[in-house]
Amino acid sequence: MSPLLFLLACAVACLFIWWLLIETEGVYLGKRAVIWLYDLYARRYDRVKQFDEYSDQLLLAEPLLDRISPQVDPLILDLATGSGRLPLLLARNGRFHGHVIGLDHSRKMLAVAGSKIEQERFQAFISLVRGDAMDLPFPDGAFDAVACLESLEFFPDPEAALAELARVLRPGGVLLTSNRIDMRWMPGRIVSRSRFTQILNACGMLSIEFETWQEDYDKVWARKAGGTESRRASAREPNAGLRNHR
């Protein structure tokens, strides 16, 4: 093989490895590879993602609380919580007086999340659980709202994960999730809005709304059929805005 062909082959191999491990986060290698990669990058995850607290409050926490209103003490599940992005957003928000359970399969991601929760003394608002998205360790109808952001496309079976989220959501409860729309790098892992709607309908979800969100995703809202009553009664309190870190 000529030196030029050798260099070209090396470049192609490096590009393939980058796509397989970085761009697609190991999804084509199976669940264990995905978990291993998240464990590997757990302590660098927040630096890589560079979440914007203000935008996340405006586009995630506040709309979720609006849809739960007038209830201020909901029980919420955040599936694939990672470093605790959504639970921490809610705990920092003065409108929220409920509890969030963040579930993830990566021990080291949960360790990072737990460190931040302990540092900000939000243990009263957040619990962390290690578990499998395909077999959630919760009873039917346990949560007032469930969320899963920027994660479904990396699950072995996204439809099964959505079905599990719907199962543990109470009738009338709120679903917040995301659907990847960037089809360049993940063949076979992306679904259209119409197909996503069909999947949610099959899970008993109604009032489905899509909102363009970030560069690669739609933000998706839905409500579970069968009721509108809260899991427990609660009066809305007037204080709003970010909760002071204690």
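What follows is calculated from the coordinates using simple rules that are stated; it is not laboratory data. Predicted, not measured: the structure shown is a model, and the values here were computed from it. All Cβ positions, even for glycine, are placed from backbone atoms using ideal geometry, and neighbour counts span all protein chains on display.
With springs only between Cα atoms under 10 Å, which of Leu64, Leu200, Leu29 fluctuates most in a Gaussian network model of the chain?
Largest GNM mean-square fluctuation: Leu29.
Once both axes come from the Cα atoms, what is the angle between helix 193-202 and the longest principal axis of the chain, in degrees from 0 to 90, rounded to 10?
On a 0 to 90 degree scale, this one is about 50.
Go ahead and run the numbers for FRET between Ala111 and Leu8, Cβ-Cβ distance against an R0 of 41 Å, rounding to 0.05.
Approximately 0.45, to the nearest 0.05.
Provide, as a two-decimal number, the C-alpha radius of gyration of the chain over 2.2 N^0.38 Å, N being how many residues it has.
Here the Cα radius of gyration is 1.07 times the empirical estimate.
Angle, helix 3-18 long axis vs. longest principal axis of the chain, Cα atoms, 0 to 90°, nearest 10?
It works out to around 10 degrees.
Looking at the calculated P(r) for the stretch 32-172, what percent of the C-alpha pair distances fall above 22 Å?
Taking all Cα-Cα pairs of the stretch 32-172, the fraction more than 22 Å apart is 35 percent.
Rank Ser2, Asn179, Leu149 by how far each Cα sits towards the positive end of the charge dipole of the chain (+1 on Lys, Arg Cβ; -1 on Asp, Glu Cβ) and give me just the farthest.
The Cα lying farthest towards the positive end belongs to Leu149.
Where Lys and Arg each count +1 and Asp and Glu each count -1, what net charge lies around Gly204 among other residues with Cβ under 12 Å from its Cβ?
Local charge sum for Gly204: +3.
Set the Förster radius R0 to 22 Å, insert the Cβ-Cβ distance between Asp140 and Glu215 as r into 1/(1 + (r/R0)^6), and round the FRET efficiency to 0.05.
Computed FRET efficiency for Asp140 and Glu215: 0.05.
Using the basic label-point model (7 angstrom from Cα toward the beta carbon), what is the Leu206 to Arg67 distance in nanometres?
1.5 nm
Restricting attention to the alpha-carbon atoms of the stretch 1-71, what are Rg (one decimal) and Dmax (integer), both in Å?
Computed over the Cα atoms of the stretch 1-71, radius of gyration and Dmax are 20.0, 70 Å.
Packing-wise, with mean Cβ within 10 Å as the measure, how do 169-177, 214-222, 117-125 rank, highest first?
With the highest mean Cβ count within 10 Å placed first, the list reads 169-177, 214-222, 117-125.
Using a simple spin-label model with points 7 Å from Cα along the Cα→Cβ vector, what separation in nm is obtained for Asp39 and Glu118?
Between Asp39 and Glu118, the simple spin-label model gives 2.0 nm.
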